[in-house]
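Notes follow once the structure below has been shown.
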Ligand SMILES: [Zn+2]
(Lines give C-alpha, C1' and ligand atoms only; values in the text may rest on other atoms or scores of the structure.)
Protein backbone atom coordinates (compact mmCIF):
# COMPACT_ATOMS: atom_id res chain seq x y z
CA UNK A 1 0.00 0.00 0.00
CA UNK A 2 1.57 3.20 -1.14
CA UNK A 3 0.34 6.42 0.42
CA UNK A 4 1.03 8.75 -2.47
CA UNK A 5 -0.62 6.50 -4.94
CA UNK A 6 -3.77 6.41 -2.82
CA UNK A 7 -3.93 10.15 -2.62
CA UNK A 8 -3.58 10.46 -6.33
CA UNK A 9 -6.33 7.95 -6.94
CA UNK A 10 -8.75 9.79 -4.67
CA UNK A 11 -8.66 13.07 -6.49
CA UNK A 12 -10.04 12.27 -9.93
CA UNK A 13 -10.31 15.17 -12.34
CA UNK A 14 -13.84 16.56 -12.46
CA UNK A 15 -14.39 15.34 -16.00
CA UNK A 16 -13.73 11.72 -15.11
CA UNK A 17 -16.55 9.47 -16.24
CA UNK A 18 -18.83 7.83 -13.68
CA UNK A 19 -17.81 4.36 -14.86
CA UNK A 20 -14.20 5.20 -14.18
CA UNK A 21 -15.04 6.29 -10.68
CA UNK A 22 -16.97 3.12 -10.06
CA UNK A 23 -14.19 1.01 -11.47
CA UNK A 24 -11.87 2.82 -9.13
CA UNK A 25 -14.10 2.06 -6.20
CA UNK A 26 -14.32 -1.61 -7.13
CA UNK A 27 -10.60 -1.71 -7.20
CA UNK A 28 -10.51 0.01 -3.82
CA UNK A 29 -12.71 -2.69 -2.36
CA UNK A 30 -10.09 -5.27 -3.21
CA UNK A 31 -7.40 -3.33 -1.47
CA UNK A 32 -6.17 -4.68 1.77
CA UNK A 33 -6.23 -2.58 4.90
CA UNK A 34 -2.65 -1.51 5.40
CA UNK A 35 -0.99 -2.50 8.60
CA UNK A 36 1.28 -0.27 10.62
CA UNK A 37 4.98 -0.05 11.10
CA UNK A 38 6.66 0.46 14.44
CA UNK A 39 7.05 3.97 15.77
CA UNK A 40 9.81 5.95 14.13
CA UNK A 41 10.20 3.77 11.08
CA UNK A 42 10.71 5.52 7.79
CA UNK A 43 7.71 5.89 5.53
CA UNK A 44 8.57 4.92 2.01
CA UNK A 45 6.68 6.77 -0.67
CA UNK A 46 6.25 6.24 -4.35
CA UNK A 47 8.84 8.61 -5.73
CA UNK A 48 10.97 7.18 -8.49
CA UNK A 49 14.05 7.12 -6.31
CA UNK A 50 12.27 5.27 -3.55
CA UNK A 51 11.05 2.69 -5.93
CA UNK A 52 14.58 2.16 -7.05
CA UNK A 53 15.63 1.45 -3.50
CA UNK A 54 12.92 -1.19 -3.38
CA UNK A 55 14.30 -2.77 -6.47
CA UNK A 56 11.26 -2.08 -8.59
CA UNK A 57 11.81 -0.94 -12.14
CA UNK A 58 11.30 2.62 -13.28
CA UNK A 59 8.35 3.01 -15.59
CA UNK A 60 7.34 5.72 -17.96
CA UNK A 61 4.25 7.48 -16.71
CA UNK A 62 2.07 6.30 -19.58
CA UNK A 63 2.92 2.64 -19.10
CA UNK A 64 0.33 0.22 -17.84
CA UNK A 65 0.59 -0.18 -14.10
CA UNK A 66 -1.07 -3.11 -12.47
CA UNK A 67 -2.61 -2.29 -9.11
CA UNK A 68 -0.62 -4.91 -7.25
CA UNK A 69 2.79 -3.58 -6.33
CA UNK A 70 5.75 -5.64 -7.31
CA UNK A 71 6.52 -6.48 -3.71
CA UNK A 72 4.29 -9.52 -4.14
CA UNK A 73 4.11 -11.63 -1.05
CA UNK A 74 6.88 -9.89 0.84
CA UNK A 75 4.90 -9.30 4.01
CA UNK A 76 7.52 -7.23 5.83
CA UNK A 77 7.89 -4.87 2.91
CA UNK A 78 4.13 -4.64 2.53
CA UNK A 79 3.86 -3.62 6.16
CA UNK A 80 6.52 -1.02 5.68
CA UNK A 81 4.73 0.45 2.70
CA UNK A 82 1.48 0.43 4.59
CA UNK A 83 2.71 2.91 7.16
CA UNK A 84 0.49 5.91 6.75
CA UNK A 85 0.62 7.81 10.00
CA UNK A 86 3.10 8.58 12.69
CA UNK A 87 2.88 10.42 16.00
CA UNK A 88 4.80 13.62 16.52
CA UNK A 89 5.38 15.43 19.81
CA UNK A 90 4.99 19.18 20.22
CA UNK A 91 3.41 21.76 22.48
CA UNK A 92 0.43 23.98 22.18
CA UNK A 93 0.56 27.34 23.83
CA UNK A 94 -2.42 28.90 25.46
CA UNK A 95 -1.31 32.39 26.38
CA UNK A 96 1.38 32.02 28.99
CA UNK A 97 0.66 28.35 29.67
CA UNK A 98 1.80 25.53 27.49
CA UNK A 99 0.41 22.03 26.96
CA UNK A 100 2.62 19.12 25.92
CA UNK A 101 0.88 17.59 22.91
CA UNK A 102 1.31 14.66 20.56
CA UNK A 103 -0.46 14.55 17.24
CA UNK A 104 -0.99 12.32 14.24
CA UNK A 105 0.90 13.28 11.12
CA UNK A 106 -0.68 11.69 8.07
CA UNK A 107 -0.91 12.48 4.35
CA UNK A 108 -4.64 11.80 4.60
CA UNK A 109 -5.27 15.30 5.99
CA UNK A 110 -4.89 16.43 2.39
CA UNK A 111 -8.00 14.48 1.35
CA UNK A 112 -10.35 16.85 3.14
CA UNK A 113 -11.86 19.30 0.65
CA UNK A 114 -10.20 22.69 1.25
CA UNK A 115 -13.46 24.17 2.55
CA UNK A 116 -13.76 21.42 5.16
CA UNK A 117 -10.12 21.45 6.20
CA UNK A 118 -9.78 22.84 9.70
CA UNK A 119 -7.10 23.26 12.27
CA UNK A 120 -7.75 22.52 15.91
CA UNK A 121 -9.80 25.55 17.09
CA UNK A 122 -8.56 25.17 20.67
CA UNK A 123 -5.05 26.03 19.54
CA UNK A 124 -3.52 29.23 18.25
CA UNK A 125 -4.13 32.87 19.04
CA UNK A 126 -6.21 35.84 18.04
CA UNK A 127 -4.18 38.63 16.52
CA UNK A 128 -4.25 42.33 17.24
CA UNK A 129 -6.93 44.36 15.42
CA UNK A 130 -6.33 44.98 11.70
CA UNK A 131 -5.32 48.56 10.77
CA UNK A 132 -8.69 49.32 9.19
CA UNK A 133 -10.44 48.90 12.53
CA UNK A 134 -10.03 51.70 15.05
CA UNK A 135 -10.36 50.84 18.70
CA UNK A 136 -12.31 53.27 20.89
CA UNK A 137 -10.41 55.57 23.23
CA UNK A 138 -10.89 53.18 26.13
CA UNK A 139 -7.91 51.34 27.67
CA UNK A 140 -8.25 47.92 26.04
CA UNK A 141 -6.09 44.78 26.09
CA UNK A 142 -3.90 44.49 23.01
CA UNK A 143 -1.65 41.68 21.83
CA UNK A 144 -2.38 38.09 20.91
CA UNK A 145 -4.92 36.28 23.04
CA UNK A 146 -5.58 32.52 23.03
CA UNK A 147 -8.34 31.03 20.88
CA UNK A 148 -11.42 29.95 22.78
CA UNK A 149 -14.16 27.62 21.62
CA UNK A 150 -17.75 28.58 22.41
CA UNK A 151 -19.99 25.74 21.50
CA UNK A 152 -23.76 25.51 21.52
CA UNK A 153 -23.87 24.73 25.25
CA UNK A 154 -21.85 27.81 26.15
CA UNK A 155 -24.15 30.08 24.16
CA UNK A 156 -27.52 28.44 24.65
CA UNK A 157 -26.96 26.23 27.72
CA UNK A 158 -28.63 28.52 30.25
CA UNK A 159 -31.01 30.32 27.90
CA UNK A 160 -34.79 29.88 28.10
CA UNK A 161 -35.77 27.46 25.34
CA UNK A 162 -38.29 29.82 23.71
CA UNK A 163 -35.79 32.66 23.76
CA UNK A 164 -33.12 30.31 22.37
CA UNK A 165 -35.43 29.40 19.49
CA UNK A 166 -35.99 33.10 18.85
CA UNK A 167 -32.24 33.75 18.77
CA UNK A 168 -31.65 30.86 16.40
CA UNK A 169 -34.36 32.23 14.13
CA UNK A 170 -32.40 35.41 13.43
CA UNK A 171 -28.95 34.34 14.56
CA UNK A 172 -27.26 35.77 11.46
CA UNK A 173 -28.11 39.28 12.61
CA UNK A 174 -27.14 38.76 16.24
CA UNK A 175 -23.91 38.58 18.17
CA UNK A 176 -23.53 36.55 21.34
CA UNK A 177 -21.47 38.02 24.16
CA UNK A 178 -20.29 35.85 27.04
CA UNK A 179 -18.91 37.85 29.97
CA UNK A 180 -15.68 36.69 31.59
CA UNK A 181 -16.63 34.60 34.60
CA UNK A 182 -20.26 34.59 33.57
CA UNK A 183 -22.58 32.81 35.95
CA UNK A 184 -25.20 33.61 38.50
CA UNK A 185 -23.30 35.83 40.84
CA UNK A 186 -21.67 37.92 38.18
CA UNK A 187 -24.81 39.84 37.39
CA UNK A 188 -25.50 40.47 41.06
CA UNK A 189 -22.01 41.62 41.91
CA UNK A 190 -21.60 43.68 38.74
CA UNK A 191 -25.00 45.27 38.05
CA UNK A 192 -23.52 47.62 35.47
CA UNK A 193 -22.01 44.79 33.42
CA UNK A 194 -24.46 44.83 30.53
CA UNK A 195 -24.32 48.62 30.24
CA UNK A 196 -20.52 48.63 30.47
CA UNK A 197 -20.33 46.20 27.55
CA UNK A 198 -22.96 48.16 25.62
CA UNK A 199 -20.99 51.41 26.05
CA UNK A 200 -17.83 49.77 24.80
CA UNK A 201 -19.52 48.27 21.74
CA UNK A 202 -21.23 51.53 20.86
CA UNK A 203 -17.97 53.44 21.22
CA UNK A 204 -16.33 50.91 18.89
CA UNK A 205 -19.11 51.23 16.32
CA UNK A 206 -19.03 55.03 16.50
CA UNK A 207 -15.23 55.21 16.26
CA UNK A 208 -15.49 53.31 12.99
CA UNK A 209 -17.94 55.76 11.50
CA UNK A 210 -21.12 53.76 11.93
CA UNK A 211 -23.43 55.76 14.13
CA UNK A 212 -25.99 53.15 15.12
CA UNK A 213 -27.62 52.28 18.40
CA UNK A 214 -27.23 48.74 19.59
CA UNK A 215 -29.69 46.60 21.41
CA UNK A 216 -27.84 44.78 24.17
CA UNK A 217 -29.58 42.51 26.65
CA UNK A 218 -29.23 39.40 28.71
CA UNK A 219 -30.99 36.42 27.25
CA UNK A 220 -33.66 35.21 29.66
CA UNK A 221 -32.47 32.18 31.53
CA UNK A 222 -34.06 28.78 31.75
CA UNK A 223 -35.60 28.09 35.12
CA UNK A 224 -34.41 29.33 38.47
CA UNK A 225 -30.79 30.18 39.04
CA UNK A 226 -29.13 27.54 41.23
CA UNK A 227 -27.89 29.51 44.22
CA UNK A 228 -24.93 27.32 44.98
CA UNK A 229 -23.50 27.76 41.52
CA UNK A 230 -21.53 30.95 41.18
CA UNK A 231 -20.06 30.35 37.77
CA UNK A 232 -21.51 27.06 36.62
CA UNK A 233 -23.65 28.47 33.87
CA UNK A 234 -22.57 30.99 31.32
CA UNK A 235 -25.02 33.74 30.78
CA UNK A 236 -25.26 34.97 27.25
CA UNK A 237 -25.83 38.61 26.37
CA UNK A 238 -27.39 39.11 22.97
CA UNK A 239 -26.45 42.11 20.84
CA UNK A 240 -28.54 43.23 17.87
CA UNK A 241 -27.75 45.86 15.27
CA UNK A 242 -23.96 45.47 14.98
CA UNK A 243 -22.89 46.57 11.47
CA UNK A 244 -21.58 43.61 9.45
CA UNK A 245 -18.01 44.90 9.23
CA UNK A 246 -17.78 45.37 12.98
CA UNK A 247 -19.44 42.04 13.70
CA UNK A 248 -16.86 40.29 11.54
CA UNK A 249 -14.09 42.03 13.48
CA UNK A 250 -15.66 41.19 16.85
CA UNK A 251 -15.85 37.52 15.91
CA UNK A 252 -12.26 37.52 14.64
CA UNK A 253 -10.81 39.19 17.70
CA UNK A 254 -13.11 37.27 20.08
CA UNK A 255 -11.76 38.50 23.44
CA UNK A 256 -12.10 42.06 24.72
CA UNK A 257 -10.85 43.32 28.06
CA UNK A 258 -11.03 46.96 29.03
CA UNK A 259 -11.27 49.37 31.89
CA UNK A 260 -13.98 51.99 31.97
CA UNK A 261 -14.35 54.53 34.78
CA UNK A 262 -12.17 52.41 36.99
CA UNK A 263 -14.16 49.21 36.47
CA UNK A 264 -12.56 46.25 34.68
CA UNK A 265 -14.62 44.35 32.10
CA UNK A 266 -13.93 41.37 29.90
CA UNK A 267 -16.14 39.55 27.45
CA UNK A 268 -16.01 37.08 24.59
CA UNK A 269 -17.81 37.21 21.29
CA UNK A 270 -19.37 34.16 19.69
CA UNK A 271 -21.43 33.49 16.61
CA UNK A 272 -24.90 32.32 17.66
CA UNK A 273 -25.45 31.21 14.08
CA UNK A 274 -22.47 28.91 13.69
CA UNK A 275 -20.90 28.16 17.06
CA UNK A 276 -17.55 26.41 16.84
CA UNK A 277 -17.63 22.69 17.53
CA UNK A 278 -15.25 21.63 20.28
CA UNK A 279 -12.69 19.05 19.23
CA UNK A 280 -12.56 17.26 22.57
CA UNK A 281 -13.45 13.61 22.17
CA UNK A 282 -12.33 11.95 25.37
CA UNK A 283 -10.76 12.93 28.68
CA UNK A 284 -8.49 10.50 30.53
CA UNK A 285 -7.44 10.51 34.16
CA UNK A 286 -5.24 8.22 36.22
CA UNK A 287 -1.82 7.63 37.69
CA UNK A 288 -0.31 6.86 34.30
CA UNK A 289 -0.98 10.45 33.11
CA UNK A 290 2.36 12.20 32.82
CA UNK A 291 3.79 15.05 30.81
CA UNK A 292 6.12 12.69 28.96
CA UNK A 293 5.97 12.93 25.18
CA UNK A 294 7.03 9.28 24.86
CA UNK A 295 4.23 8.04 27.10
CA UNK A 296 1.73 10.22 25.25
CA UNK A 297 2.95 8.93 21.89
CA UNK A 298 2.39 5.42 23.15
CA UNK A 299 -1.13 6.36 24.28
CA UNK A 300 -2.16 8.10 21.07
CA UNK A 301 -0.79 5.26 18.96
CA UNK A 302 -2.77 2.77 20.99
CA UNK A 303 -5.96 4.88 20.84
CA UNK A 304 -5.78 5.34 17.07
CA UNK A 305 -5.00 1.69 16.43
CA UNK A 306 -7.95 0.68 18.57
CA UNK A 307 -10.33 3.04 16.78
CA UNK A 308 -9.18 2.07 13.32
CA UNK A 309 -9.46 -1.61 14.09
CA UNK A 310 -12.98 -1.40 15.49
CA UNK A 311 -15.68 -2.38 12.96
CA UNK A 312 -18.33 -0.19 14.63
CA UNK A 313 -16.08 2.86 14.40
CA UNK A 314 -15.07 2.07 10.82
CA UNK A 315 -18.69 1.68 9.76
CA UNK A 316 -19.74 4.89 11.44
CA UNK A 317 -16.89 6.91 9.96
CA UNK A 318 -17.44 5.37 6.53
CA UNK A 319 -21.17 6.06 6.52
CA UNK A 320 -20.84 9.62 7.84
CA UNK A 321 -18.05 10.74 5.53
CA UNK A 322 -19.66 9.00 2.56
CA UNK A 323 -22.79 11.06 3.17
CA UNK A 324 -20.59 14.15 3.29
CA UNK A 325 -18.95 13.02 0.03
CA UNK A 326 -15.49 12.77 1.53
CA UNK A 327 -12.99 10.07 0.68
CA UNK A 328 -13.50 7.14 -1.68
CA UNK A 329 -13.06 4.09 0.51
CA UNK A 330 -13.79 3.08 4.08
CA UNK A 331 -10.06 2.94 4.73
CA UNK A 332 -9.49 6.42 3.37
CA UNK A 333 -12.31 7.84 5.46
CA UNK A 334 -11.00 6.27 8.64
CA UNK A 335 -7.52 7.56 7.88
CA UNK A 336 -8.88 11.06 7.28
CA UNK A 337 -10.54 11.11 10.70
CA UNK A 338 -7.45 9.71 12.42
CA UNK A 339 -5.24 12.29 10.69
CA UNK A 340 -6.86 15.05 12.79
CA UNK A 341 -6.26 13.45 16.17
CA UNK A 342 -4.02 14.62 18.98
CA UNK A 343 -3.55 14.04 22.69
CA UNK A 344 -3.09 17.02 24.98
CA UNK A 345 -1.71 17.09 28.52
CA UNK A 346 -3.39 19.53 30.85
CA UNK A 347 -2.87 20.38 34.50
CA UNK A 348 -5.75 20.25 36.94
CA UNK A 349 -5.85 21.32 40.55
CA UNK A 350 -8.71 19.96 42.60
CA UNK A 351 -10.46 21.87 45.36
CA UNK A 352 -8.33 20.17 47.99
CA UNK A 353 -5.15 21.30 46.24
CA UNK A 354 -4.30 17.90 44.74
CA UNK A 355 -2.81 17.90 41.24
CA UNK A 356 -4.69 15.47 39.01
CA UNK A 357 -3.57 16.10 35.44
CA UNK A 358 -5.57 14.91 32.44
CA UNK A 359 -5.05 13.87 28.87
CA UNK A 360 -7.56 15.09 26.35
CA UNK A 361 -8.07 13.36 23.04
CA UNK A 362 -8.82 15.97 20.37
CA UNK A 363 -10.08 15.32 16.86
CA UNK A 364 -12.03 17.09 14.16
CA UNK A 365 -15.81 16.73 14.56
CA UNK A 366 -17.00 14.01 12.22
CA UNK A 367 -20.05 16.00 11.14
CA UNK A 368 -21.47 19.51 11.48
CA UNK A 369 -24.74 17.80 12.45
CA UNK A 370 -24.98 17.87 16.24
CA UNK A 371 -26.79 14.55 16.55
CA UNK A 372 -24.31 12.72 14.34
CA UNK A 373 -21.39 14.20 16.24
CA UNK A 374 -23.00 13.27 19.54
CA UNK A 375 -23.47 9.69 18.33
CA UNK A 376 -19.81 9.55 17.29
CA UNK A 377 -18.65 10.83 20.68
CA UNK A 378 -20.88 8.30 22.42
CA UNK A 379 -19.42 5.53 20.32
CA UNK A 380 -15.80 6.51 21.02
CA UNK A 381 -16.44 7.17 24.69
CA UNK A 382 -17.74 3.64 25.10
CA UNK A 383 -14.42 2.20 23.92
CA UNK A 384 -12.01 1.04 26.56
CA UNK A 385 -8.51 2.06 25.58
CA UNK A 386 -5.32 0.44 26.82
CA UNK A 387 -2.04 2.25 27.21
CA UNK A 388 -0.10 -0.99 27.03
CA UNK A 389 -0.57 -4.65 27.85
CA UNK A 390 -1.23 -3.99 31.52
CA UNK A 391 -2.72 -0.48 31.82
CA UNK A 392 -6.29 0.44 30.94
CA UNK A 393 -6.96 4.14 30.43
CA UNK A 394 -9.62 5.53 32.69
CA UNK A 395 -12.17 8.06 31.46
CA UNK A 396 -12.75 11.23 33.48
CA UNK A 397 -16.48 11.87 33.87
CA UNK A 398 -16.25 14.99 36.04
CA UNK A 399 -16.69 18.11 33.90
CA UNK A 400 -13.50 19.93 33.16
CA UNK A 401 -13.04 23.50 32.03
CA UNK A 402 -12.46 27.09 33.00
CA UNK A 403 -15.15 28.91 34.99
CA UNK A 404 -13.77 32.28 33.82
CA UNK A 405 -13.39 32.02 30.08
CA UNK A 406 -15.37 28.79 29.49
CA UNK A 407 -12.42 27.16 27.73
CA UNK A 408 -12.49 23.37 27.78
CA UNK A 409 -8.72 22.93 27.72
CA UNK A 410 -7.66 24.33 31.10
CA UNK A 411 -9.19 24.72 34.55
CA UNK A 412 -10.05 28.03 36.17
CA UNK A 413 -6.93 27.89 38.24
CA UNK A 414 -4.78 27.94 35.12
CA UNK A 415 -6.70 30.50 33.07
CA UNK A 416 -4.08 32.23 30.91
CA UNK A 417 -6.09 35.41 30.35
CA UNK A 418 -5.42 37.25 33.64
CA UNK A 419 -1.73 36.41 33.16
CA UNK A 420 -1.63 38.20 29.81
CA UNK A 421 0.91 41.03 29.99
CA UNK A 422 -1.68 43.63 29.03
CA UNK A 423 -4.77 42.20 30.73
CA UNK A 424 -7.24 44.99 31.59
CA UNK A 425 -10.16 42.81 32.60
CA UNK A 426 -11.10 41.60 36.07
CA UNK A 427 -8.56 39.43 37.87
CA UNK A 428 -10.36 36.59 39.62
CA UNK A 429 -9.52 35.24 43.03
CA UNK A 430 -8.68 31.57 43.16
CA UNK A 431 -11.71 30.45 45.14
CA UNK A 432 -13.57 29.01 42.18
CA UNK A 433 -11.39 27.15 39.84
CA UNK A 434 -13.40 24.06 39.02
CA UNK A 435 -16.79 23.75 37.36
CA UNK A 436 -19.27 23.49 40.19
CA UNK A 437 -21.51 20.66 41.12
CA UNK A 438 -24.93 22.22 41.02
CA UNK A 439 -27.37 21.30 43.74
CA UNK A 440 -30.44 21.43 41.61
CA UNK A 441 -33.07 19.21 40.06
CA UNK A 442 -33.05 19.61 36.32
CA UNK A 443 -36.42 19.83 34.65
CA UNK A 444 -37.27 17.17 32.11
CA UNK A 445 -37.22 19.88 29.51
CA UNK A 446 -33.69 20.89 30.36
CA UNK A 447 -32.50 17.31 30.49
CA UNK A 448 -33.89 16.66 27.07
CA UNK A 449 -32.73 19.89 25.53
CA UNK A 450 -29.18 19.36 26.65
CA UNK A 451 -29.24 15.78 25.48
CA UNK A 452 -28.41 14.35 28.86
CA UNK A 453 -30.92 11.91 30.20
CA UNK A 454 -29.05 10.87 33.28
CA UNK A 455 -29.41 12.60 36.60
CA UNK A 456 -33.11 13.26 36.20
CA UNK A 457 -34.91 13.24 39.50
CA UNK A 458 -31.82 12.37 41.46
CA UNK A 459 -31.58 15.84 42.87
CA UNK A 460 -27.89 16.12 42.27
CA UNK A 461 -25.99 16.35 39.08
CA UNK A 462 -22.98 17.84 37.47
CA UNK A 463 -23.13 20.56 34.94
CA UNK A 464 -20.75 20.83 32.10
CA UNK A 465 -20.25 24.26 30.63
ZN1 LIG B 1 -9.78 30.34 31.23
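The values are calculated or read from the model by the stated rules, or taken from the named source; none is laboratory data. Please read all numbers here as calculations on a predicted model, not as lab measurements. Here the Cβ positions follow ideal geometry from the backbone for every residue, glycine too, while neighbour counts run over all protein chains shown.
Could you tell me whether the range 124-147 includes any residue that is within 16 Å of the ligand (Cβ to nearest atom), within 14 Å of residue 364 (Cα to Cα) and buried (at least 18 other Cβ atoms within 10 Å of the Cβ)? The answer is no; no qualifying residue exists. Suppose we keep only residues that are assigned to a loop (DSSP other than H, G, I, E, B) and modelled with pLDDT of 90 or more within the range 98-118. Which one would you say is surrounded by the fewest Cβ atoms within 10 Å (Cβ to Cβ)? Once the filter is applied, the top-ranked residue is 113.
Okay, residues lined up against (1) part of a strand (DSSP E or B); (2) under 25 Å from residue 400 (Cβ atoms):
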| position | (1), (2) |
| --- | --- |
| 148 | no, yes |
| 162 | no, no |
| 165 | no, no |
| 172 | no, no |
| 178 | yes, yes |
| 181 | no, yes |
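Within the range 248-267, the set of residues being touching a helix residue (DSSP H, G or I) at 6+ places or on another chain (Cβ under 9 Å) and either in the same structural domain as residue 343 (by TED's automatic domain parsing) or crowded, with 18+ Cβ neighbours inside 10 Å (or both) comprises 249, 250, 256, 258, 260, 265, 267.
Of the strands (runs of 3 or more DSSP E) lying entirely inside the range 301-414, those containing at least 2 residues that are more than 16 Å from the ligand (Cβ to nearest atom), closer than 23 Å to residue 148 by Cβ and touching a helix residue (DSSP H, G or I) at 6+ places or on another chain (Cβ under 7 Å) are 342-346, 358-362.
Screening residue 394 against (1) surrounded by fewer than 17 Cβ atoms within 10 Å (Cβ to Cβ); (2) touching a residue at least 60 places away in the same chain (Cβ under 8 Å); (3) over 26 Å from residue 351 (Cα atoms) leaves a single unmet condition, (3).
Yes or no: residue 155 touching a strand residue (DSSP E or B) at 6+ places or on another chain (Cβ under 8 Å) and outside any helix (DSSP H, G or I)? No: the conditions fail for residue 155.
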